[in-house]
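The values are calculated or read from the model by the stated rules, or taken from the named source; none is laboratory data. What you see is a predicted model, and the numbers here were worked out from it, not measured in a lab. So basically every Cβ, Gly included, is an ideal-geometry build from the backbone, and we count neighbours across all protein chains shown.
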Amino acid sequence: MPRTVRRVLLLNPPGARRYLRDVYCSHSSKGTYLYHPMDLLAQAALLAPRFELRFIDAIAEGLTPDTTRERIVAAAPDAIVFLSGAVSHAEDLAFLAGLKRTDPELVLVGMGDVFLWEAERFLAAHPWIDGALPDFVSAALGPALEARTARGVIGLDPFARGAGKGFAYGAPPYDLLPMERYRLPFGRPEAFGSLLTSFGCPFHCTYCNTAEMPYRLRELDGVFDELAYLRARGIRKIYVRDPTFALNPRYTRALLDRLIEEHWDLSWNCFVRADRVDEALLERMKRAGCYLVMFGIETASDALNARSRKDLAQADVRAGVAAAKRVGLEVLGTFVLGMPGETRRTAEETIDLARELDLDYASFNVATPRLGSQLRDQLALGSVLTAGTRGLDGSNEIPDLPDEVLSPEEVWRLRNRAVWSFYGRPRYLARRASQALKDGGLWIGARNALTLFGSALG
Ligand code: SF4
C-alpha cells in the first residue's frame, strides 16, 4: 500500500537544454524566453486545496541534477508529479529513477506528451513510475493521491468520450514559482501569468498533435479568479496559452465583454487563426487588452498548406495580418520549413513572405514528427522509446524526415537563412532597438537576438 500523501512536489526536472515540455509539445527554447510549465500550473491549482504543495522548476532556475536532488530532499515530498517530454524523456527518467531508488515509497506520477500518447508503454518500460496523468486539466489526480490509488493511467485521456466539453480550475499558486525567471520573447522583461481559457483544436494540421483533440473551454469563473490573483500581485501581463484563441464566438464575447466592462486593464497576447478573426473581433480584443497576436502561417505555399491539412489560404493570412496591424496590434508569425513536399522554391517563397508581411516577430521552425501527430503516424516512426529523439526538437535541432526532396541539412540551412533574412535587416533591427529603448526591453531583446543568431549559424 503506497504511503499517505500529504506533501506533493510539482517538478519540472533538470535538463541539458532549456526544455519546454508542457502542453504536449516538447521542444526547447530558441532564445532566453521561458514559460511557466502549464501542465504543472493547472495541476497545482487543482491540488492546492487538498495538499501541502511544493514547486521546483529546475529548468527555470537553471538547477543541476545534484542541486535539484538536494532541493527535493529538503522538500521531503510524499509524492512527485513530474513533467517529461518526448525530447527529454531519457534524461528525465534517469533522474527520477535515482529519486525512487533513494526513497522507494515516494509516489511518482508523470505528465507530458509521453504520458498521453505512450502512457501504457512508458509505465510498462519503467514499472517504478506509479502513475501517468494524460489529461493535464483532469481533476482525477487529487482524489487518487488521497485514496492511495494513484497507479497506472489516472483519469481519462483528453480524447476519450466522457472527458467532457469543459474544464475548471481556479487560480494556480503562482507564489510557489520562481516568477522572475519566466520570460516572454518580446517586450520588456516583466512578470506575467500563463492563462488557459481553452484547450484542444478542431482543425487537422498533420504536424500538430493538438489537432483533433476535442476543443474544451475553461469555466470563466476560474479564469477571472486567476486574473484577480495575478492582479492582486501587480501582474497585468498575460500570455494566453490556448492553442488557438477565439474559436468559440459566444465564449470569446463573454470573456472580452467582461474584460472591457470591468476595466481589467491587462496586456495579453494569444495565438489565433487568420481565417477565424476579422477586424471587428481583433479590434474588440485590442480594447480588452490584447497587444500582440500570433498567427500560425507555416508556409507561403497553398499546396503545402493543403497537403499538411492546415487549410489556410495565403489570402486569409494576408487579410488577417493586415487587419491586426490596422487595429494596432503587434503581429508574430510562426513558420515551418521542411514539411513533406517542401522544395527550395517553396521554402524561399516562405522566407520572402515572412519579410513581405512586415511582421513584428517571426518564429522559424523545422517540421517535426511530433508525438501524437498524423505526420508521425504517416512516417510509421513508432515509439520514442525505440525510435529515439533525433529530429524531435523542431526549435533547435536538425530535422529528420526521411525521403524528402530537401535533405535535413538543406532544411536546417534554409531555417537559418530565414532567421538571418528576417531579423538581420538593418531597418528591422533599428525599429526593434528603438522600440526596446522605449519599453525598457533592450537588454532582453539583445540577449534573445544573440541566442537566436547564434543558433542560426551554419
Ligand atoms: S497548428 Fe493550430 S490550427 Fe492546426 S491543429 Fe494545431 S492548434 Fe489547431
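Brief remarks on what is shown
- Filter result for the condition that a residue is buried (at least 23 other Cβ atoms within 10 Å of the Cβ) and either of a type in the set (D, E, K, R) or in a helix (DSSP H, G or I) (or both), over Leu145, Leu123: Leu145
- Every residue from segment 381-401 that is among the hydrophobic types (A, V, I, L, M, F, W, C) and modelled with pLDDT of 90 or more: Val384, Leu385
- Any chance Tyr182 is surrounded by fewer than 19 Cβ atoms within 10 Å (Cβ to Cβ), touching a helix residue (DSSP H, G or I) at 6+ places or on another chain (Cβ under 8 Å) and under 20 Å from Gly289 (Cβ atoms): no
- Leading residue by the ranking (nearest to the ligand (Cβ to nearest atom)) among those in segment 271-288 that are farther than 25 Å from Ala367 by Cα and touching a residue at least 40 places away in the same chain (Cβ under 8 Å): Val277
- Restricting Leu282, Leu312 to those that are in a loop (DSSP other than H, G, I, E, B), crowded, with 17+ Cβ neighbours inside 10 Å and in contact with a helix residue (DSSP H, G or I) (Cβ under 6 Å, 6 or more places away or on another chain) reduces the list to Leu312.
- The single condition among (1) more than 14 Å from the ligand (Cβ to nearest atom); (2) in a helix (DSSP H, G or I) that Asn305 does not meet is (1).
- Here Ser267 passes the criteria (1) surrounded by fewer than 17 Cβ atoms within 10 Å (Cβ to Cβ); (2) within 30 Å of Ala303 (Cβ to Cβ); (3) among the hydroxyl-bearing types (Ser, Thr, Tyr) except the one numbered (2).
- A single member of Ala362, Ala433 is of a type in the set (A, V, I, L, M, F, W, C) and assigned to a helix (DSSP H, G or I), and it is Ala433.
- Scope segment 1-49; condition among the hydroxyl-bearing types (Ser, Thr, Tyr) and over 27 Å from Cys201 (Cα atoms); matching residues: Thr4, Thr32
- Test: residue in segment 351-358 that is of a type in the set (A, V, I, L, M, F, W, C), under 23 Å from the mean Cα position of the chain (by Cα), surrounded by 19 or more Cβ atoms within 10 Å (Cβ to Cβ) and part of a loop (DSSP other than H, G, I, E, B): no
- Of all the criteria given as (1) within 22 Å of the chain's Cα centre (by Cα); (2) not in a helix (DSSP H, G or I), the one not satisfied by Ala300 is (1).
- Any chance Phe95 is part of a helix (DSSP H, G or I), closer than 17 Å to Arg21 by Cβ, in contact (Cβ under 8 Å) with a residue 40 or more places away in the chain and in contact with a Lys or Arg (Cβ under 9 Å, 6 or more places away or on another chain): yes
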